[in-house]
Ligand SMILES: NC(=O)c1ccc[n+]([C@@H]2O[C@H](COP(=O)([O-])OP(=O)(O)OC[C@H]3O[C@@H](n4cnc5c(N)ncnc54)[C@H](O)[C@@H]3O)[C@@H](O)[C@H]2O)c1
């Protein structure tokens with residue numbers, strides 16, 4: 001009852017195939033469906049090619065790949081895909097009306113116990129899941145591409161989602177090597193809200209001629225992006241100084257617009273003298289010993305990142 005042995009994936013595209021690959025690799029029997037049987041089979045065939053290519057590159061043992069692929073089947077339609085499924089993953093394109101239509105059809109064919117998830121990147125989960133929201137078993141489960149590699153999965157409860165269902169999905173995700181995070185049902189959740197703020201600004205920089213696309217990519221990769229694999233924004237802000245960040249944001253808000261205005265969560269800390277590592281607390285507490293250790297660990301991690309870049313050429 002705790003884990004999931006049978007999953008149905010609706011939409012055999014980039015994300016559906018990636019999630020299928022992860023689940024099947026971890027022992028779950030997966031049925032894939034798409035707009036029709038031929039598309040579902042084409043999705044399965046692409047998944048087979050991807051996994052076989054990984055074997056040829058030496059990334060995956062052949063016997064493990066064979067076991068993974070034996071667990072994936074294509075289904076003729078939605079009803080046969082979800083028949084007997086304990087977990088349903090909707091991964092059709094980010095078109096609200098299309099998602100709502102699929103969820104309405106799901107309501108007519110899915111079993112009474114199945115946990116139902118949408119991989120929407122941005123939409124209101126209550127709107128996507130519609131009447132199935134009242135079942136307590138529907139929620140957002142937002143993966144990142146490629147789903148079989150990127151650790152984070154955001155879990156987004158709808159208004160009526162049973163907290164026990166959220167816990168069950170989180171436990172399952174951890175058991176298959178993922179890092180679930182429960183977030184509120186707000187536009188873009190957390191990952192895309194932050195990621196797309198960056199993308200929006202990158203395109204504005206390009207449009208204003210601040211730098212070339214190549215230079216913008218290189219600057220992000222080689223500056224704050226260089227640290228992001230190891231540290232989240234609050235850890236970095238604490239290390240750099242929240243007062244410094246306040247000053248920068250105020251200047252940017254004056255020059256570029258209110259979208260840069262510092263939030264009360266930042267202003268309040270600065271007013272209270274909680275400036276980060278240098279004052280013993282910021283977003284996080286920083287006892288002196290922990291602060292010293294954090295800085296030397298940071299340097300060690302960044303050095304190792306530099307070395308792995310040199311090795312990769
Ligand atoms: N691509 C990404 O990086 C990414 C990352 C996270 C989340 N997402 C989200 O995942 C979802 C799917 O994105 P994608 O990139 O895999 O799209 P995609 O276009 O690669 O795949 C979508 C698949 O759904 C199928 N489909 C369309 N209508 C359908 C229907 N009514 N019933 C069944 N199948 C149907 C399509 O034929 C296609 O195979 C979207 O909600 C997207 O926002 C995408």
- Can you sort 178, 278 by how many other beta carbons sit within 10 Å, fewest first? 278, 178
- Task: Round to the nearest 0.05 the FRET efficiency obtained for residue 307 and residue 150 when R0 = 22 Å and r is the Cβ-Cβ distance.
- Result: 0.45
- As a check on your grasp of the helix formula, calculate [θ] at 222 nm for the chain: sum -39500 (n - 2.57) over DSSP H runs of n ≥ 4, divide by the residue count, round to the nearest 500. -16500 deg cm²/dmol
- Task: Based on alpha-carbon positions alone, could you give the equivalent ellipsoid semi-axes of the stretch 224-275 from the gyration tensor, as √(5λ), descending, whole Å?
- Result: 19, 16, 8
- Query: When only alpha-carbon atoms count, how far does the chain stretch along each of its three principal axes, as whole angstroms with the largest first?
  - Reply: 59, 47, 45
- Task: Just rank 15, 198, fewest to most, by other beta-carbon atoms within 10 angstrom.
- Result: 198, 15
- Which of the peptides 252-258, 74-80 is most tightly packed, and how do the rest follow, going by the mean number of other Cβ atoms within 10 Å of each residue? 74-80, 252-258
- Query: Over the C-alpha atoms of the stretch 6-182, what are the Rg and the largest Cα-to-Cα span, Dmax, in Å?
  - Reply: 15.2, 47
- the stretch 223-312: Kirkwood hydrodynamic radius (Cα pairs, Å) comes out at 14.3
- Message: How would 97, 86 line up from fewest to most surrounding beta-carbon atoms within 10 angstrom?
- Response: 97, 86
- Task: Would you please classify the overall shape of the stretch 41-126 from the alpha carbon gyration tensor, given that a ≥ b ≥ c denote the square roots of the eigenvalues, rounded means a/c under 1.5, and beyond that prolate means a/b larger than b/c while oblate covers the rest?
- Result: prolate
- Note on the structure: Residue separation between residue 187 and residue 218 times 0.36 nm, minus their alpha-carbon distance, gives in nm 8.3 nm
- Counting DSSP beta bridges with both partners in the stretch 6-182, what percentage is antiparallel, nearest 5? 20
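None of the figures in this text is laboratory data; all of them are computed from the coordinates on show. Computed from a predicted structure; not experimentally measured. For neighbour counting, all protein chains shown are included, and Cβ atoms are generated from backbone atoms with ideal geometry for every residue, glycine included.
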